Amino acid sequence: MADPKTRLPLFPLADEVHFPRTELKLVLNEPRYLRMVQDLMEKDDEDRWIGVVLLKPGWAREYEGRPDVYPEGTAGRLLDVDNLPDGRTLILLVGDFRFELEREVVGREPYRLAEVRPVEEPWLNERDAGIQAVRKGVAALLRRIADETGEKFPMSSDEIEEITGECAFEELVNRVAAGLDLPPLRKLKLLQQPLPDRGLSVLSILRNRHQVFELLRPWRHLASHHEKN
């Protein structure tokens, strides 16, 4: 975990919310963010953090300056950098910790910087009956919904088996939250929740989706004949 107050470069995204214990790949082509990566690569491995935040509505696709962002985000540790032949750079981040943005700071760097306050997750007993119940419920519903939707489901069967196996509860919940096809603001609300509440919310989302599939089951055969209707 970082110090009580940590200074991070900010990377605002329009439609992506990063979660701790999940991977995020980004392709960079703007000079300011290429400079950001260059500066980070000069630091020690454990200090290569990027604060991923969500842009508020109203930003322009090609923007300058500092459009408003939501104050909650995730610090992703920069693990890999690949310079592509076309001049762009592919980076791999692994979410490290949640944070709340305290204030942006102005420096000489062309990219945005901010002081953030890391948010610790509450300690959980992985063997607690409630945690085990949520874990089993999430795993069962993931498999059922994946079977119902097939290739349309955003997570592969291999990934589902991986995350429902021996991974920690936090990784399970966050990877499901990141993988579901939810609006960015809904994902941000999940990120804002403490881990136990986030797990219950993810379970509720999966239950609601499964209930919809069950309600539609008697009419699903009509989908294959929609051209005749």
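The values are calculated or read from the model by the stated rules, or taken from the named source; none is laboratory data. Because the structure is a prediction, the values reported are computed rather than measured. A quick note on method: Cβ atoms are made from the backbone with ideal geometry, for glycine too, and the neighbour counts reach across all protein chains shown. All accessible areas refer to the heavy atoms of the entire protein, side chains included, with ligands and DNA or RNA removed. Shrake-Rupley method; radii C 1.70, N 1.55, O 1.52, S 1.80 Å.
Annotations
- When only the Cβ of Lys, Arg, Asp and Glu is charged (+1, +1, -1, -1), the dipole of the chain relative to its Cα centre reaches about 940 debye.
- Assuming charge only on the beta carbon of Lys and Arg (+1) and of Asp and Glu (-1), the dipole of the range 88-147 about its Cα centre is about 340 debye to the nearest 20.
- Distant-in-sequence amide contacts of Q193, defined by a placed amide H-H separation under 5 Å and a gap of 5 or more residues or a different chain, comprise nothing.
- Label-point separation, K152 to N29 (7 Å along Cα→Cβ), nm: 3.2 nm
- Counted by Cβ distance under 9 Å from P9, the other residues give a net charge of 0, where Lys and Arg count +1 and Asp and Glu count -1.
- Residues with amide H under 5 Å from that of T22, placed H, sequence gap 5 or more: G95
- Ligands, DNA and RNA are left out, and with a 1.4 angstrom probe the accessible area of the chain is 58 Å² per residue.
- Formal net charge of residues neighbouring T22 (Cβ-Cβ distance under 9 Å; K, R +1; D, E -1): 0
- For the chain, the mean residue ellipticity at 222 nm estimated from helices alone is -11500 deg cm²/dmol, where every DSSP H run of n ≥ 4 contributes -39500 (n - 2.57) and the total is divided by all residues, rounded to the nearest 500.
- Gaussian network model of the chain, springs between alpha carbon atoms under 10 Å - residue of R143, R108, R66 with greatest fluctuation: R108
- Whole-Hz ³J(HN,Hα) from phi, Karplus 6.51 cos²θ - 1.76 cosθ + 1.60, for the range 68-80, glycine and proline x: 5, 10, 6, x, 9, x, 10, 8, x, 7, 6, 9, 8
- Overall form of the range 34-136: prolate. Here a/c, set by the Cα gyration tensor axes a ≥ b ≥ c, is 1.5 or more, and a/b is the larger of a/b and b/c.
- Annotation: extensible slack from V106 through A129 equals 3.5 nm (criterion: 0.36 nm per residue apart, minus Cα-Cα distance).
- Amide hydrogen neighbours beyond the local backbone of E102, cut-off 5 Å, H modeled: E115, V116, R117
- When the Cα gyration tensor is reduced to axis lengths a ≥ b ≥ c, the ratio a/c is 1.5 or higher for the chain, and with a/b above b/c it is classed as prolate.
- 3J(HN,Hα) from dihedral phi, the range 168-175, Karplus parametrisation 6.51/-1.76/1.60, rounded to Hz, x for glycine, proline: 5, 4, 4, 5, 4, 4, 6, 5
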